[in-house]
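The values are calculated or read from the model by the stated rules, or taken from the named source; none is laboratory data. What you are looking at is a predicted structure, and each value in this text was computed from that prediction instead of being measured. In case anyone asks, the SASA skips ligands and DNA or RNA and just uses the protein heavy atoms, side chains included. Shrake-Rupley method; radii C 1.70, N 1.55, O 1.52, S 1.80 Å.
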Amino acid sequence: MAICYDKQREPSRLPSKTDAELDWISNLPGHVIDQILSRLPIRDAVRSSVLSRKWRYKWATIPCIVFDNQCFNVSSQDQTFIKDKLVNIIDHVLLLHNGPIHKFKLSHRDLLGVSDIDRWILCISRSSIKEFVLEIWKGQRYKPPSCLFSCQNLIHLELFNCLLKPPLTFKGFKNLRSLDLQHVTVTQDVFEKLISSCPSLERLTLMNFTGVTHLIIDAPNLQFFDIGGIFDDVSFLNTFHLALVSIGLYVNIDNDENNARDNSSKLLRFFVHLPHIRRLEIQSYFLKYLAMGYVPSRLPNPCVDLNHLSIRIDFDDLEENTAALCLLRSCPNLQELEMLARPEEQTCIERSTNFWEDDHWSSLFAHLRMVKVSGISGVKSEMDFIKFLLSNSPVLEQLTVKPASQEGEWELMKELLRFRRASIYAEVIYLDS
């Protein structure tokens, strides 16, 4: 006969503090874990596998993968060793990754345009990639493989130091909303096709590009445009939603020579497709470009939505002053104005007449509240402009002046204080250079 023994039930053991902490970490919601891992460098995300058994392969499902200068530390100066180490890390991560990759960023200071990148792009092109950032900081222009141009789910594309040659079958990125191209080489035809075949494009950045001389921007949904480089001409088509524009021409131009070839108005052509522009930054020598050809006293259609204007100007250049005057007259609701002088352009011979005292104005700066004038040296043309602003801005709240150097600053400050102010609330702030 079998004998049964009753074993006294042992009291249940309370979990220790360490167990509770591990259990708390293990049972975090999946989306919370994803958010944590997405904010960590890929090196630390992989190391999180030691936290608990549940976290062991969690990093392998994160949808955002970033390989930058934080992905590994190396003390060696051997470029071959660094390159091999970086390639091995990326290969290892992509091999073990399980799930969709929505964002992929490759930007390491020691990264060259190696052939391994072709393989990585091919790998991620098979996923639902939405954001792709590739920055090659060393070596020659890297030519991305044709498979990159098949990623139709892309909404953000950013390329640095690349050569763009899409395949002939390329039909554009239908979902792309943001395009950032810096230090790229692209032909005129490829550029025009790329922009016009991205119907959803809202943000476009172009910096230090080669191969394109005439920029034709045909983008019906474009809202933000930032460009800086060397080009001959720029035209907007179907850009009626464009609101923020920053444009810089990085080379000086001879207006006399250009006017002899073309007397059409650059100003009129530039603004005809920008009816709702709210913020405009004219950088480097682009004002000189706008001053080419016929400059009207004001634009036929005023920029009623424009409330912020920034202009880099040579105050001793009559043509640039005339173009700036046209812009100022055409912005009836301007609230913020920034004028940046180019002191290296200014000659030692000053004009005897005051351009800003002539009968140019039929209205005042009715809404101008903030003005900043930078890079001045105190020459007559600069001071005449400041004097005019102060005397014709009835609601001005603040004028900030920052000279190019400390030379003659005491005399400059004394002259500023003598200028009449139309606004009783106007405050003049002088910043040391």
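Evaluated over segment 110-195, the count of Lys pairs having alpha-carbon atoms less than 22 Å apart is 14 (only pairs 8 or more residues apart or interchain).
Out of the total accessible area of segment 209-303 (probe 1.4 Å, heavy atoms of protein only), what percent is carbon and sulfur?
On the way: 2100 of 4050 Å².
Looking at segment 209-303 in its full context, I get 52 percent from C and S.
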